[in-house]
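Asks: Here you go, one structure.
The values are calculated or read from the model by the stated rules, or taken from the named source; none is laboratory data. Keep in mind that this is a model prediction, so the values were computed, not measured. For neighbour counting, all protein chains shown are included, and Cβ atoms are generated from backbone atoms with ideal geometry for every residue, glycine included.
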Amino acid sequence: MNRLSVKALVSIGMLSSIAYVLMLLNFPIPPFPQFLMIDFSDIPALIAALIFGPMAGILVELFKNILDYFMTGSATGVPVGHISNFIAGILFVLPTYYVYNKLKTKKGMTFGLVAGTLIMAIMMSVLNYFLILPAYTFFLNMPAMSAPEIRTMIVKGILPFNIIKGLIITTVFMLIFGRMNAWINKQESLKSAA
């Protein structure tokens, strides 16, 4: 195993730990339901993807959710929320990575983050309608929600929440990116040179 892969593995482990801690510092936004929480744990995954490639971002998303599941558990005993968080993170990080990788500018990063936000919000709405909300009601032994109830939950809660969450993360990441851009580019060029 060469030095780069060891460095990448150590960095992914460190970024996963930071993402896990950031995941614990979550908070709700009124008037959205209490189970919809904002955290900044996608930022370390995005940094990992920018430096080491998309698989690194996916691994950070995976490890932070595994850590959180084993440390905090799940209300259902089944990690529906953790799987949902993992999918949402990937849907945010990967489009951002690919758009930025094409443009390689600060404006490109902004476009990438907006694209990631919109893709994540739309796809999570679809997945909540067909899979995630039905899974919650099934595993919590609650009466199944009707299609109009699920649509209302998505239109009034999940879709606007994910858009707001994405925009908040975008704002915070752009503040960080302005200071880290040169360092991220240097790390990426070191990776390419090795």
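Asks: Name the single residue that is nearest to PRO95 (Cα to Cα) among those in the stretch 135-154 being in contact (Cβ under 8 Å) with a residue 12 or more places away in the chain and of a type outside the set (Ser, Thr, Tyr).
Replies: ILE154
Asks: Restricting the stretch 98-110 to residues that are more than 18 Å from ILE168 (Cα to Cα) and in contact with a helix residue (DSSP H, G or I) (Cβ under 8 Å, 6 or more places away or on another chain), which is surrounded by the fewest Cβ atoms within 10 Å (Cβ to Cβ)?
Replies: Among them, the one singled out is LYS102.
Asks: Filter the stretch 24-47 for residues that are touching a Gly at 6+ places or on another chain (Cβ under 6 Å) and at pLDDT 95 or above and give the result.
Replies: Matches in the stretch 24-47: ASP42, ALA45.
Asks: Working carefully through the options GLY77, GLY57, GLY89, find the one that is in contact with a helix residue (DSSP H, G or I) (Cβ under 8 Å, 6 or more places away or on another chain) and not in a helix (DSSP H, G or I).
Replies: GLY77
Asks: Kindly indicate whether LYS165 is among the charged types (D, E, K, R) and either surrounded by fewer than 16 Cβ atoms within 10 Å (Cβ to Cβ) or in contact with a Ser or Thr (Cβ under 6 Å, 6 or more places away or on another chain) (or both).
Replies: It is false that LYS165 is among the charged types (D, E, K, R) and either surrounded by fewer than 16 Cβ atoms within 10 Å (Cβ to Cβ) or in contact with a Ser or Thr (Cβ under 6 Å, 6 or more places away or on another chain) (or both).
Asks: Let me ask you something else. Filter the stretch 111-126 down to residues that are within 17 Å of PHE40 (Cα to Cα) and either without any contact (Cβ under 8 Å) to a residue 12 or more places away in the chain or of a type in the set (Val, Ile, Thr) (or both) and give me whichever is surrounded by the most Cβ atoms within 10 Å (Cβ to Cβ).
Replies: Taking the candidates together, the pick is THR117.
Asks: Inside the stretch 49-65, can you point out the residues that are modelled with pLDDT under 95 and either of a type in the set (A, V, I, L, M) or in contact with a Phe, Trp or Tyr (Cβ under 7 Å, 6 or more places away or on another chain) (or both)?
Replies: If the condition is that a residue be modelled with pLDDT under 95 and either of a type in the set (A, V, I, L, M) or in contact with a Phe, Trp or Tyr (Cβ under 7 Å, 6 or more places away or on another chain) (or both), then LEU50, ILE51 are the ones that fit.
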